[in-house]
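Notes follow once the structure below has been shown.
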Amino acid sequence: MLKARRYFQLAFLLPIIFPLLAWLVARPGFRGGNWVALVLWGSLLIGGIPYILFLAGLFYWVRDKDLKAIQRLTFLAPLLFIPVFVYCAAAIIPLQILKTGEVRVEGSVVFNFCIFILVLGYFYVLLANAGFYLLKFIGFIKEDAYREPVLASSGMGLGGKKYLLAFFLALPLLLIPVSLLIQFRYRQNYPKRIAEANRTESSVNRDEALLEIAYEQAGAQRFEDAKATVTTYIEDKDRGFAGIVTNLVYSGAYEEAKSTADLIGAPVTRIMAYRQIAIAQAKASDSLGASQTLSTALAIAQRAENASLKRFTLPTIAAGQAAAGLDGDLKATLEMIEPSEIVDTYKIVAGIKAKDGRLEEAQEYFREAIKKAKNIKDPISRDNKLTDISESQADAGLLDEARATVEVIALDGCKQIAFRHISDIENGIIQKSKR
């Protein structure tokens with residue numbers, strides 16, 4: 001016959017016993033109920049260590065408690081376990097900082113696990129108490145005699161225990177700033193990190209690590225060091241320099257960004273970098289600087305001997321001029337763009353104007369796009385272009401103009417596609433300007 005107190009002590013082991021049994025049952029060859037086994041086994045993998053710590057506290061507490069107190073504790077156990085789980089999640093933050101340089105414990109994930117703990121925990125509570133009453137009914141369990149609580153008569157006093165407990169609870173919080181400081185000092189030791197990265201066997205992983213270092217050097221305004229890291233160690237130098245340009249643009253170091261963009265070998269990548277710099281300069285109210293930067297990009301495109309390169313880059317520059325508000329430069333660039341690309345360029349420029357709130361200018365560029373599209377001789381190509389324009393007008397919130405463009409479309413299939421897109425915009429299925 002089993003004593004009641006002993007039964008509940010064993011019942012506290014259910015969150016460990018059930019996952020282990022589930023793992024044994026769900027081994028290869030078993031196909032039924034695998035999702036249940038997965039949930040149970042996952043609960044042990046994620047919450048096993050916190051629960052063992054929780055069990056240690058439970059067994060310490062129940063050693064001098066009577067049956068009623070222990071049974072009441074079972075109903076509180078899932079709630080009491082949550083702080084232990086959260087504490088353990090916080091305790092691994094210093095380790096993550098030291099190992100990866102970032103915190104990967106997300107609050108939303110921890111919250112979801114806490115909900116999962118309550119659901120699964122109260123399943124175990126109901127199972128344990130139902131088993132207790134069933135075994136008691138058939139006479140397999142007998143209740144213990146009442147036991148007087150045992151009072152501590154020696155050892156550390158109550159106040160000392162409280163201070164010790166508070167210290168251990170606060171330890172993760174104390175370690176977080178210390179680990180952040182250690183990680184910061186390590187991350188500033190660029191030569192050591194570069195040497196470690198160069199020892200990486202995989203060329204892809206090596207370049208990724210070196211790129212991260214170069215970007216950090218640029219963010220710390222160690223521009224020459226960043227360029228040297230890319231020049232000396234990284235195979236894909238254009239990607240490295242383009243990434244540094246992005247970091248410099250974010251920090252407002254436009255001149256350094258331009259000098260870095262000059263180092264990019266591929267013309268298309270270099271032009272894209274200049275466009276990024278120019279748009280940022282315009283947002284910083286430096287229209288003259290933005291114009292000069294895009295003029296440099298335009299000169300590269302015009303010097304290109306490859307016709308396809310010029311065909312691709314001129315619309316890119318025009319889009320940058322539109323985003324930077326350089327209307328005079330934009331009109332001059334539009335004159336250089338080939339007929340095969342002009343419709344799409346006008347449409348893109350119109351979308352940029354609409355996104356910036358300049359709807360009258362957007363309508364003007366959409367009208368030009370429609371005018372150019374109507375001149376296309378092939379009926380299928382013409383209607384495809386008009387469909388794209390109608391969709392862009394709808395995305396910009398110009399629904400009446402979009403419907404008017406649909407009326408110009410001859411092919412029924414293209415008409416249906418355009419009308420469906422307008423309908424999706426009106427019904428909120430597709431958000432305006434966020435397609």
| message | More than 16 angstrom separation, counting every C-alpha pair in segment 266-337; what % is that? | response | 37
| request: Jot down the radius of gyration and Dmax of segment 190-251, Cα atoms only, both in angstrom. | output: 10.6, 33
| Normalised by the residues of segment 190-251, what does the relative contact order come to in percent, with Cα pairs under 8 Å and at least six apart? | 29
| Ordering of 239-245, 212-218 by packing [mean C-beta count within 10 Å, highest first] | 239-245, 212-218
| remark: Assertion target for LYS136, LYS310, LYS353, LYS331, ordered by fewest C-beta neighbours within 10 angstrom first, is LYS331, LYS136, LYS310, LYS353
| Hey, what do the phi angles of segment 45-59 turn into as Karplus ³J(HN,Hα) couplings, whole Hz, using 6.51/-1.76/1.60 and θ = phi - 60°, x for Gly and Pro? | 5, 7, x, x, 5, x, 6, 5, 5, 5, 4, 4, x, 4, 5
| task | Bin all alpha-carbon pair distances of segment 198-298 at 5 Å intervals from 0 and give each bin's fraction as a whole percent. | result | 2, 15, 25, 22, 17, 10, 5, 2, 1, 0
| If you plug each phi of segment 326-341 into the Karplus form 6.51 cos²θ - 1.76 cosθ + 1.60 with θ = phi - 60°, what whole-Hz ³J(HN,Hα) values come out, in order, with x for Gly and Pro? | 8, 5, x, 4, 4, 4, 5, 5, 4, 5, 8, 7, 5, x, 5, 10
| request: Using the Karplus curve 6.51 cos²θ - 1.76 cosθ + 1.60 with θ = phi - 60°, work out ³J(HN,Hα) for each residue of segment 314-322 in order, rounded to whole Hz, and write x for Gly and Pro. | output: 4, x, 5, 5, 4, 4, x, 5, 5
| query | Taking other Cβ within 10 Å of each residue's Cβ, how do LEU399, LEU248 sort, fewest first? | reply | LEU399, LEU248
| request: Can you grab the distance from the C-alpha centre of segment 265-327 to the C-alpha centre of segment 338-406, Å, no decimals? | output: 22
| query | Once the Cα atoms of segment 338-435 are picked out, what are the Rg and Dmax in Å? | reply | 12.4, 37
| request: Determine the alpha carbon to alpha carbon distance for each of LYS258/LYS347; LYS3/LYS65; LYS258/LYS353 and list only those over 18 Å. | output: LYS258/LYS347; LYS258/LYS353
| Expressed as a rounded percentage, what relative contact order does segment 338-435 have, with Cα pairs under 8 Å and six or more residues apart? | 23
| query | Do you know the relative contact order of segment 266-337, to the nearest whole percent, from alpha carbon pairs under 8 angstrom that are 6+ apart? | reply | 35
| Assuming R0 = 22 Å, what is the FRET efficiency of ARG311 and LEU288, from their Cβ-Cβ distance, to the nearest 0.05? | 0.15
| said: Using Cβ counts within 10 Å as a stand-in for footprinting exposure, how do MET272, MET336 rank, fewest first? | reply: MET336, MET272
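None of the figures in this text is laboratory data; all of them are computed from the coordinates on show. Given the structure is predicted, the values throughout are model-derived calculations rather than measurements. We place every Cβ from the backbone using ideal geometry, glycine too, and count neighbours over all the protein chains shown.
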